[in-house]
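The values are calculated or read from the model by the stated rules, or taken from the named source; none is laboratory data. Values in this document were obtained by computation on a predicted structure and should not be read as measured data. So basically every Cβ, Gly included, is an ideal-geometry build from the backbone, and we count neighbours across all protein chains shown.
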Amino acid sequence: MYYKNDTIIIREFTPQELHLFLDLFTSENVTRYLPYKSPEEFKEMFEKALSDYEEGPFSRWGIFNAQNDDFVGMCLARTFHHNSNQIEIGYILGENYWGKGIGTQISKALVSHCLSTDEKKDIVAVTDLDNIGSQKVLIKTGFNRIENLVEENRELAYFLYSKGEG
């Protein structure tokens, strides 16, 4: 996965960028809608991303500002653990990049990557029920909200990409 436009670059993380990845998850505002993970679990997540690059085509990637190479956040595409016939996308942005349309650019790039990888599989995304901002981004990207997904003790807003609208 490599994507670039005038605003952002999405690319593989390098091993030296672990600190950027970990720092992203230190903000309470950024992690508000995410299930709790320890710093060690985030480190394991990063290491898995690096190993996934060899296996492809899915992983977690870094998002960087195309103008100054500032770290923007992280995005992912992976086989959805609830349904192996679906590909899940997601992203997390640093607070200083919220509300600038970057989430929509990332979502569109991820959808494009997923479609080029396996056009037969459905593309899905889930958000916390209260994460209205991300839900608006998904709708703008061409997703439709379907029934809520219940996992463990959480209920999540569940979205399916409409291939006819892309």
**Request:** For segment 110-160, name all the residues that are among the hydroxyl-bearing types (Ser, Thr, Tyr) and in contact with a Gly (Cβ under 8 Å, 6 or more places away or on another chain).
**Result:** SER134
**Residue list for segment 21-31, restricted to those being out of contact with any Phe, Trp or Tyr (no Cβ under 9 Å at 6 or more places or on another chain) and without any contact (Cβ under 8 Å) to a residue 40 or more places away in the chain** = THR26, GLU28
**Request:** Say whether the condition of being modelled with pLDDT under 95, polar (S, T, N, Q), farther than 15 Å from PHE71 by Cα and surrounded by 12 or more Cβ atoms within 10 Å (Cβ to Cβ) is met by at least one residue in segment 28-39.
**Result:** yes
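Considering only segment 1-32, how many residues are in a loop (DSSP other than H, G, I, E, B) and more than 14 Å from GLU95 (Cβ to Cβ)? Steps first, please.
Step one: of segment 1-32, the residues in a loop (DSSP other than H, G, I, E, B) are 1-2, 5-7, 12-14, 25-27, 32.
If we keep only those that are more than 14 Å from GLU95 (Cβ to Cβ) as well, we get 1-2, 5-7, 12-14.
Result for segment 1-32: 8.
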**Prompt:** Could you list, in sequence order, the residues of segment 130-162 that are surrounded by 13 or more Cβ atoms within 10 Å (Cβ to Cβ) and part of a loop (DSSP other than H, G, I, E, B)?
**Reply:** ASN131, GLY142, SER162
**Fill in**
Residue count, segment 76-129, condition surrounded by 15 or more Cβ atoms within 10 Å (Cβ to Cβ), among the hydrophobic types (A, V, I, L, M, F, W, C) and not in a helix (DSSP H, G or I), comes to 11
**Fill in**
Here the residues within segment 33-47 that are out of contact with any Phe, Trp or Tyr (no Cβ under 9 Å at 6 or more places or on another chain), within 21 Å of VAL126 (Cα to Cα) and not in a loop (DSSP other than H, G, I, E, B) are GLU41
**Complete:** So, first residue in contact (Cβ under 8 Å) with a residue 40 or more places away in the chain in segment 129-148, second residue in a loop (DSSP other than H, G, I, E, B) and of a type in the set (Ser, Thr, Tyr), Cβ within less than 7 Å, six or more apart or across chains; the pairs are ASP130/TYR33; ASN131/TYR33
